[in-house]
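K.L.:
Sharing a structure below in structure tokens format, with a few things to ask.
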Amino acid sequence: MFDRVIVVDWSAANLPTSATNRANAVWIGCHDAEGGAEWHHRTRAGAEAQLVTLIDTARADGLRLLVGFDFAMGYPAGFAARLTGGDVRAVWEWLAREITDTPENRNNRFAVAARINAAFPEGPGPFWSHPSGQSWPGLPFRRHGIDYAALGLAEIRAAEVAVRGAKSPWMLFNPGSVGSQSLLGLPMIHRLSQRPDVSVWPFDAPEAPVVLAEVYPSLLAGPVAILANAEGLPADQAQVRLLSRALHLLAREGRLAPLFDAPEGAEEEGWILGAGHVPLLAEASGWA
């Protein structure tokens, strides 16, 4: 049982997002027994500050909290050991040291990805894609030419196999990509995971007062499109509203447990909460 559910639609913007066009902002949706609310932030720093406040407030009120983030929390099997000699938490900690991300969203994610690629002398990759007109030595512009088998890695995780449309965490740019969001979001996961009473599923059992998890709001693409069109909302706002609502309703009704059944290997790669349960989520969203 979770008393409150928060869903975060992250952003890899390289500047503060527009004050008027909120489509690329960070969106935070929250739902509990009293209803729901959404907020948007022009910077990742502002969003993280609110998340810390929301976690502290929930704990002070004695509430159990589920927080979902829409980026990959792990990489294909073998990457963590190759990069750090440790597990997924060592990757989060490594990125927290190496990624710089200013209060104005300026960051070095492409440089860090190129440096990671350099640790794989077997060939180009695993990270790829960057804005056209830029040059990042060691970071291929296109996927073509990357031999993941030679690198000893898979191109996608089991989670991407299970969820149609989910992109590889190696892809850093272009529509639908999630790689940059992961590089800029995992340092925050490291910081939040160091707080008391916080666990990160599926790497930990979902038993702590505050549970962080990976989500994929596009599981509700149909209901999101209907809501966004009906109320004139940005798609990201509609996504966090519907998914936080659906997860909270399932928690309140005691139907959330099956979503936490992750397959073997998820403790290394991560898993998407709700994968394989789209009809249940759509029903609970109220907009199926």
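The values are calculated or read from the model by the stated rules, or taken from the named source; none is laboratory data. Note that this is a predicted model, so its numbers are computed, not measured. Please note: Cβ atoms are built from the backbone with ideal geometry, for glycine as well, and neighbour counts cover all protein chains shown. Just so you know, the surface numbers come from the protein's heavy atoms only, side chains and all, with ligands and any DNA or RNA stripped out. Shrake-Rupley method; radii C 1.70, N 1.55, O 1.52, S 1.80 Å.
K.L.:
Do you know which residues across region 240-273 are in contact with an Asp or Glu (Cβ under 8 Å, 6 or more places away or on another chain) and open to solvent by 30 Å² or more (accessible area, probe 1.4 Å)?
P.N.:
Correct list: ARG241, GLU268.
Each row is one residue, and each column tells you yes or no for (1) part of a helix (DSSP H, G or I); (2) under 26 Å from ARG64 (Cα atoms).
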site: ASN117; (1), (2): yes, no
site: GLU160; (1), (2): yes, no
site: PRO175; (1), (2): no, no
site: LEU186; (1), (2): yes, yes
site: ARG195; (1), (2): no, yes
site: VAL211; (1), (2): no, yes
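K.L.:
Same structure again: Restricting the search to region 1-39, which residues are farther than 29 Å from ARG255 by Cα and not polar (S, T, N, Q)?
P.N.:
ALA12, ALA13, LEU15, PRO16, ALA19, ARG22, ALA23, ALA25
K.L.:
Which residue is surrounded by the fewest Cβ atoms within 10 Å (Cβ to Cβ), if the candidates are limited to region 274-288 and must be part of a loop (DSSP other than H, G, I, E, B) and more than 17 Å from the chain's Cα centre (by Cα)?
P.N.:
GLY286
K.L.:
With more than 29 Å from ASP236 (Cβ to Cβ) and of a type in the set (Asp, Glu) as the only criterion, which of GLU98, GLU122 stands out?
P.N.:
Testing whether each residue is more than 29 Å from ASP236 (Cβ to Cβ) and of a type in the set (Asp, Glu) leaves just GLU122.
K.L.:
Okay, next question. Among (1) closer than 18 Å to ASN108 by Cβ; (2) at pLDDT 95 or above; (3) touching a Lys or Arg at 6+ places or on another chain (Cβ under 9 Å), there is one condition PHE173 misses while meeting the rest; what is its number?
P.N.:
(3)
K.L.:
Across region 93-132, what is the number of residues that are within 24 Å of SER11 (Cβ to Cβ) and out of contact with any Ser or Thr (no Cβ under 7 Å at 6 or more places or on another chain)?
P.N.:
So the answer is 24.
K.L.:
Can you tell me which of (1) part of a loop (DSSP other than H, G, I, E, B); (2) free of Cβ contacts under 8 Å to residues at least 12 places away in the same chain is the one ALA81 doesn't meet?
P.N.:
(1)
K.L.:
Give just the number: which of (1) touching a residue at least 12 places away in the same chain (Cβ under 8 Å); (2) assigned to a loop (DSSP other than H, G, I, E, B) does GLY62 not satisfy?
P.N.:
(1) is the only condition that GLY62 fails.
K.L.:
Pairs please, first residue from region 27-50 and of a type in the set (Ser, Thr, Tyr), second anywhere and open to solvent by 30 Å² or more (accessible area, probe 1.4 Å), Cβ atoms under 7 Å, 6+ apart in sequence or on different chains.
P.N.:
Close Cβ pairs (under 7 Å, with a partner that is open to solvent by 30 Å² or more (accessible area, probe 1.4 Å)) amount to THR43/PRO16; THR43/PRO103; THR43/GLU104.
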